[in-house]
1. Quick one: in region 126-147, which of the residues that are surrounded by 13 or more Cβ atoms within 10 Å (Cβ to Cβ) and among the basic types (Lys, Arg) is farthest from residue 209 (Cα to Cα)?
2. When you scan region 175-199, how many residues do you find that are among the β-branched types (Val, Ile, Thr) and either more than 49 Å from the chain's Cα centre (by Cα) or surrounded by fewer than 16 Cβ atoms within 10 Å (Cβ to Cβ) (or both)?
3. Going by what's in this entry, would residue 172 be described as aliphatic (A, V, I, L, M), under 34 Å from the mean Cα position of the chain (by Cα), outside any loop (DSSP other than H, G, I, E, B) and surrounded by fewer than 16 Cβ atoms within 10 Å (Cβ to Cβ)?
4. So which of 79, 117, 86 ends up being in contact with a Phe, Trp or Tyr (Cβ under 6 Å, 6 or more places away or on another chain), modelled with pLDDT under 90 and part of a loop (DSSP other than H, G, I, E, B)?
5. Within region 160-169, count every residue that is surrounded by 15 or more Cβ atoms within 10 Å (Cβ to Cβ) and either under 30 Å from residue 146 (Cβ atoms) or among the hydrophobic types (A, V, I, L, M, F, W, C) (or both).
6. Would you say residue 151 is under 39 Å from the mean Cα position of the chain (by Cα) and either surrounded by fewer than 14 Cβ atoms within 10 Å (Cβ to Cβ) or closer than 16 Å to residue 118 by Cα (or both)?
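The values are calculated or read from the model by the stated rules, or taken from the named source; none is laboratory data. This one's a predicted model, so the numbers in the text were calculated from it and none came from an experiment. Virtual Cβ from ideal backbone geometry, glycine too; neighbours counted across all protein chains shown.
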Amino acid sequence: MRTKINPKMDLRIRYKRVIQFALAFSLLLCIIIFQAFKKFDHKKIERKIEINKIEVNNITPPTSQEKPPVPPSRPVIPIESESEDIPDNVTIEDTDLNLSEMPEPPPPPEVEKADEIIFIPYDEEPRPLGGFKAIQDNLVYPELARKAGVQGKVVVQVQISAKGEVIKTKVIVPLGNSGCNEAAVAAIKSVKWEPAKQRDKPVTVWISIPIWFRLN
């Protein structure tokens, strides 16, 4: 029983054999050519490179000779005058200053002495009648400070006499120039005080009072 051969498979086998034969033939041809022409002469080509010499001329830049400074002029020597109009007995008056005749300098201006704060020890500190709340209640908030939204603290040093009176005030921590400093001093002066006591005796002392400005 014969097996049927697919014509497409037959063409593929033939094509594959043709390619193998062509590769073998080309390889054999290359081997023959290399064996026939093993050695070949080649001529050496020499390249001559001409280098042009560059001549460098040392050219010095032109120099300018500085002029020497002008020598100072010689002092003028006085020459005796030949005029006969000048008398020979002319003398120069004495030019010495007499310091005793000069007026005395004016005295220096008087400098005002700053208020000196003398600390006096005390057993009981001065107190405002009604407490420090009375000062805060009598405080008038300046309209300018209220509109500007100024808030803060003013510290005033106050001298309270032995009679309970405010003698002097001094703002040591101000709060701008919106009238708060003046309002704090006015509030302190608006209340009456109990004087400080030292061994049950009233004395004059300095105290520091903080005044607060707050917008409700």
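1. Taking the candidates together, the pick is 146.
2. Number satisfying all stated conditions: 1.
3. Working: aliphatic (A, V, I, L, M): yes; under 34 Å from the mean Cα position of the chain (by Cα): yes; outside any loop (DSSP other than H, G, I, E, B): yes; surrounded by fewer than 16 Cβ atoms within 10 Å (Cβ to Cβ): yes.
So residue 172 fits the description; yes.
4. Working: 79 fails: in contact with a Phe, Trp or Tyr (Cβ under 6 Å, 6 or more places away or on another chain); 86 fails: in contact with a Phe, Trp or Tyr (Cβ under 6 Å, 6 or more places away or on another chain).
Exactly one of 79, 117, 86 is in contact with a Phe, Trp or Tyr (Cβ under 6 Å, 6 or more places away or on another chain), modelled with pLDDT under 90 and part of a loop (DSSP other than H, G, I, E, B), namely 117.
5. Restricting attention to region 160-169, the residues satisfying the condition of being surrounded by 15 or more Cβ atoms within 10 Å (Cβ to Cβ) are 160-162, 164, 166, 169.
In the following step, the residues that additionally are either under 30 Å from residue 146 (Cβ atoms) or among the hydrophobic types (A, V, I, L, M, F, W, C) (or both) were identified as 160, 162, 166, 169.
Total meeting the criteria: 4.
6. Working: under 39 Å from the mean Cα position of the chain (by Cα): yes; either surrounded by fewer than 14 Cβ atoms within 10 Å (Cβ to Cβ) or closer than 16 Å to residue 118 by Cα (or both): no.
Against the criterion (under 39 Å from the mean Cα position of the chain (by Cα) and either surrounded by fewer than 14 Cβ atoms within 10 Å (Cβ to Cβ) or closer than 16 Å to residue 118 by Cα (or both)), residue 151 does not qualify.
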